[in-house]
């Protein structure tokens, strides 16, 4: 039995054998948590599906872009502090997750399938919250650099392919002006060469299409962590939300600004895990199974939404207040996971 069980409770849903396998490693919080909700019944049929009919041109399930390569899934942990900027390879990601880490800072998990950049990084260490996000992708390749020794058993049992430097050293190199540990970069192509069994991209709940009715015209939106802020400003010229962090524009090492066509500010319960850094700061556990509220930014508007994820091996659905699918704009999606107890500022 695992030491901690963040998603187990008196109303826990009946899970398949596969889901039970996932949950053997997913128990990780030092505090009791509420149960995951049962699998959704009667979910509204989306207006635009990530899996179109055979006669339609296939769209990528992560970006909604037609005709995109549907390759195996690679997730890479990337530093998101000033010491690591500008990051490399993030503009090619299909999805960018932003998670809270120790000291109230944030870290990125970039997810690739349709496009692989030459390099991505700086690659940094994994966190326990990653292991709760990743099962929805099946068995993805997971690149990270370092992990606390207490967390190694959880990683070993997780449904993923480990392509850290310990497993795929040839894929990594140190380069650039930053000192270690902010100078470790990886080749996604080489990482996937070491993960021949990685699952290809599949439906994780995202729906793409024409914007729903309503929404509030919005030029900028700020998501706040205890020690960091991310501002997303709408660019009509580039038709995407450009990112600034702590008041500074986020530049890409390859040139241009970071930003996505859709930004999801998802409010999630965040508690303490059993892990901490070498300074004694606790590692947050970001709970992405359950339900809650979100703000979806697309096409220069902000939309109120609700999110729901029934189990770790399932994706997350987003709906409007009326229960209709919350459609995303085709392109890169940012999912910014903020503490449900801390407000975001429009």
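Quote the FRET efficiency, to the nearest 0.05, computed for residue 229 versus residue 169 with a Förster distance R0 of 41 Å and r equal to the Cβ-Cβ distance.
Working: r = 36 Å, r/R0 = 0.88.
Working from the Cβ atoms, E equals 0.70.
Whole angstrom only: what separates the Cα centroid of the stretch 270-346 from the Cα centroid of the stretch 163-182?
So the separation of the two Cα centres works out to 30 Å.
State the extension gain, in nm to one decimal, for the chain segment bounded by residue 82 and residue 281, taking 0.36 nm per residue of separation less the distance between their alpha-carbons. Spell out each step's value before the answer.
Working: separation 199, 0.36 × 199 = 71.64 nm, distance 1.93 nm.
So the chain would gain 69.7 nm between residue 82 and residue 281.
With labels modelled as points extended 7 Å from the Cα through the Cβ direction, what inter-label distance (nm, one decimal) is found for residue 200 paired with residue 152?
3.6
Using Cβ counts within 10 Å as a stand-in for footprinting exposure, how do 150, 237, 301 rank, fewest first? Present the calculation step by step, with values, prior to reporting the outcome.
Working: 150 12, 237 7, 301 15.
The most exposed by this proxy come first: 237, 150, 301.
Subtracting the Cα-Cα distance from 0.36 nm times the residue separation, let me have the gained length for residue 237 to residue 222 in nm, one decimal.
This chain segment gains 3.4 nm when fully extended.
Ranked from highest to lowest mean number of other Cβ atoms within 10 Å per residue, what is the order of the peptides 184-193, 117-126? Before the final figure, lay out the partial values.
Details: 184-193: 20.9, 117-126: 22.7.
Output ranking for 184-193, 117-126: 117-126, 184-193.
For a footprinting-style exposure proxy, rank 270, 210, 115 by other Cβ within 10 Å, fewest first. Intermediate values should be presented prior to the final figure.
Numbers: 270 21, 210 10, 115 18.
Ranking 270, 210, 115 by Cβ neighbours within 10 Å, fewest first, gives 210, 115, 270.
Work out how much length residue 58 to residue 291 would gain on full extension: take 0.36 nm times their residue separation and subtract the Cα-Cα distance, in nm to one decimal.
Numbers: separation 233, 0.36 × 233 = 83.88 nm, distance 2.92 nm.
This chain segment gains 81.0 nm when fully extended.
All of the numbers you see were taken from the coordinates with simple rules; none came from a lab. Since we're looking at a predicted model, the values are computed, not measured. Note: ideal-geometry Cβ built from the backbone for every residue, glycine included; neighbour counts use all protein chains shown.
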